[in-house]
Amino acid sequence: MEDDKDAFTPKAGLTYEFSPGLAVYANYSRSFKPQWFSTDATGSAVDPEEGENWEAGIKYNLLEGRVTGLLSVYQLTRENVATSNLATPDLFDATVSGEQRSRGFEFETAAELAPGLTLSAAYSYIDAEVTKDNDIPVGTPLQGVPEHSVNAWLKYTVQDGPLKASAWAWAAATTAASPATRTTRLTSPATASWTPPSTTSAMTSVCRLTSTTCSTSGTS
């Protein structure tokens, strides 16, 4: 195995606003991640993970910014993903699993229903499977990747008075996996939070292609 662990990873993007508040975009990128802490039976690091990502969609900003969102499609291909090597007795021995592909679409939107009151929602569909491997059958769904994910949250920011700029938020999320994973549905209980006037908060839907989980979280 070569000792050299470097690569050229280009990134490119294009956005075109074809009408006020409406724009199409496209992104392309490649990734390269040395897997120094994943070693094979000889003690050498396995080959670096490489990836290729395509994404395209449309963004909108309407009614003077009161309604925003995007609709996108994407495909991510990952090669040389490190996994446990079950062919050796050492539990820490790793191997690379060939190739994995994730493709799907996402829809996110937010609307200001009234001064200080914002409703946001997001839906994503992911078809994630093994596309090349020496041991795992091609077409096997990737474990831990929900096929469907829905997030929604409602936020109200106090507009005046002693609690001005403080915020209350309510959020809920649900995910459903492919039948092949033998996992039906996971629904997170609705949660509520309060942000004092001295800080600001935004609810964020996170479902990155390079991740195996989807979640809803608050960031300050």
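The values are calculated or read from the model by the stated rules, or taken from the named source; none is laboratory data. From a predicted model like this one, the values you see are computed outputs, not experimental measurements. Note that we place each Cβ from the backbone using ideal geometry, even for glycine, and neighbour counts take in every protein chain shown. The area values use the complete protein model at the heavy-atom level, side chains included, leaving out ligands, DNA and RNA. Shrake-Rupley method; radii C 1.70, N 1.55, O 1.52, S 1.80 Å.
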Which lysines does LYS33 reach when only Cα atoms under 21 Å apart count, and residues fewer than 8 places away in its own chain are ignored? LYS5, LYS11, LYS132
Debye, to nearest 20: dipole size of region 1-146, +1 on Lys, Arg Cβ, -1 on Asp, Glu Cβ: 680
Heavy-atom accessible surface of region 1-117: percent carbon and sulfur, 1.4 Å: 58
Here the gain from full extension of THR15 to TRP170, 0.36 nm per residue of separation minus their alpha-carbon distance, amounts to 52.5 nm
GLU112 and ASP160 label points (each 7 Å along its Cα→Cβ direction) are spaced in nm at 1.7
